[in-house]
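These notes are about the structure you will find just below.
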Amino acid sequence: MKSIRIRDLQEKKAKSEPITMLTCYDAMFAKILDSSGVDILLIGDTLGMVVQGQETTLGVTLEDIAYHTRMVARGAQRAHIVADMPFMTYQHDIKEAMQNAAKLLVAGAHSVKLEGGTPMASTVKALTEVGVPVMGHVGLTPQSVHALSGYRTQGKTDESRKRILEDAMALEAAGAYAVVLECVPESLAQEITRMLQIPTIGIGAGPACDGQVLVIYDLLGFNPEFKPKYLKTYLNGAALIQQACEKYVTEVRQRVFPPME
């Protein structure tokens, strides 16, 4: 199958064809998601929470992302692969940001994603000028969880709305090929999507975005206690897996498995 390139994503926006994006952390899931037709696989720093069991994404390292990127790259043949740049791997110094982004591309990513708007525009510009494709991320930016006083919807006030709109426009001007809009009002997401020439990927931002992204474990219902308003679970995964494992435990204890020859 034909690989998904950045120009393909741009064409989808031009044709009003919705873009699909899911997080992915290993080769097995990458193969499955790739075969299912997902356009973009994101090695998200969400792995800190859903894979490593941390409370936030802040403890994820560049080495963590590179490790999981290598696994996803081995399993995917068609989807565009974007890797998150972890907390403080790009904010401090542009040269350092270039070096770290290069490590993720070498690991198998086709592009990188970083959080922040106007303050990060110069970094985005520097990266894109040396051939590193960048996806932006504005609105609720999880790496700023403490500064934002938790995981809360952004863009509710006129001032916040104006700032997020300016952030998205600054990222486009700096050369970003797409921007994630996380947990912003639907009307704001619609306005940004209409104003930008690059695709918008929404999560908790309503249906007007050019595409949507979810964490794969959330989509599969691996954490029934996590129930944000925007989330739709497509499988009762936690219960199904537990049932299968319980059946295995029972069969082993009853000496049903493995069967006698």
Scan segment 78-135 for residues that are buried (at least 19 other Cβ atoms within 10 Å of the Cβ) and free of Cβ contacts under 8 Å to residues at least 24 places away in the same chain and report the count. 0
Would a scan of segment 143-165 turn up a residue that is in contact with a strand residue (DSSP E or B) (Cβ under 6 Å, 6 or more places away or on another chain), at negative phi and at pLDDT 95 or above? yes
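Yes or no, residue by residue, for (1) touching a Lys or Arg at 6+ places or on another chain (Cβ under 6 Å); (2) of a type in the set (K, R):
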position	(1), (2)
S3	yes, no
Q10	no, no
K15	no, yes
K31	no, yes
H68	no, no
V72	no, no
A109	no, no
Taking D167 and the conditions (1) surrounded by 12 or more Cβ atoms within 10 Å (Cβ to Cβ); (2) closer than 23 Å to V38 by Cα; (3) in contact with a helix residue (DSSP H, G or I) (Cβ under 6 Å, 6 or more places away or on another chain); (4) not aliphatic (A, V, I, L, M), which numbered condition does it fall short on, given that it satisfies the others? (2)
Could you please find all residues in segment 200-237 being modelled with pLDDT of 95 or more and in contact with a Gly (Cβ under 6 Å, 6 or more places away or on another chain)? I201, C209, Q212, L220, G221, F222, T233, L235, N236, G237
Filter result (within 19 Å of the chain's Cα centre (by Cα) and not in a loop (DSSP other than H, G, I, E, B)) within segment 155-176: I164, D167, A168, L171, E172
Considering only residues of segment 16-42 that are polar (S, T, N, Q) and either in contact with a Pro (Cβ under 7 Å, 6 or more places away or on another chain) or assigned to a strand (DSSP E or B) (or both), which is farthest from V145 (Cα to Cα)? T20
Yes or no: D45 touching a helix residue (DSSP H, G or I) at 6+ places or on another chain (Cβ under 7 Å), without any contact (Cβ under 8 Å) to a residue 24 or more places away in the chain and either crowded, with 18+ Cβ neighbours inside 10 Å or not in a helix (DSSP H, G or I) (or both)? no
Here the residues within segment 207-227 that are in contact with a strand residue (DSSP E or B) (Cβ under 9 Å, 6 or more places away or on another chain) and either assigned to a loop (DSSP other than H, G, I, E, B) or of a type in the set (V, I, T) (or both) are A208, C209, D210, V213, V215, I216
Please work out which one of (1) closer than 16 Å to I6 by Cβ; (2) part of a helix (DSSP H, G or I); (3) touching a residue at least 40 places away in the same chain (Cβ under 8 Å); (4) not aromatic (F, W, Y) is the condition V179 fails and give its number. (2)
Considering each residue of segment 48-71, count those that are surrounded by 15 or more Cβ atoms within 10 Å (Cβ to Cβ) and acidic (D, E), and give that number. 1
What is the one condition in (1) surrounded by fewer than 17 Cβ atoms within 10 Å (Cβ to Cβ); (2) under 17 Å from Q212 (Cα atoms) that V179 does not satisfy? (1)
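The values are calculated or read from the model by the stated rules, or taken from the named source; none is laboratory data. Treat the numbers as computed from the prediction; the structure is a model and nothing was measured. Because the Cβ atoms are built from the backbone with ideal geometry, glycine has one as well, and the counts that use them run over all protein chains shown.
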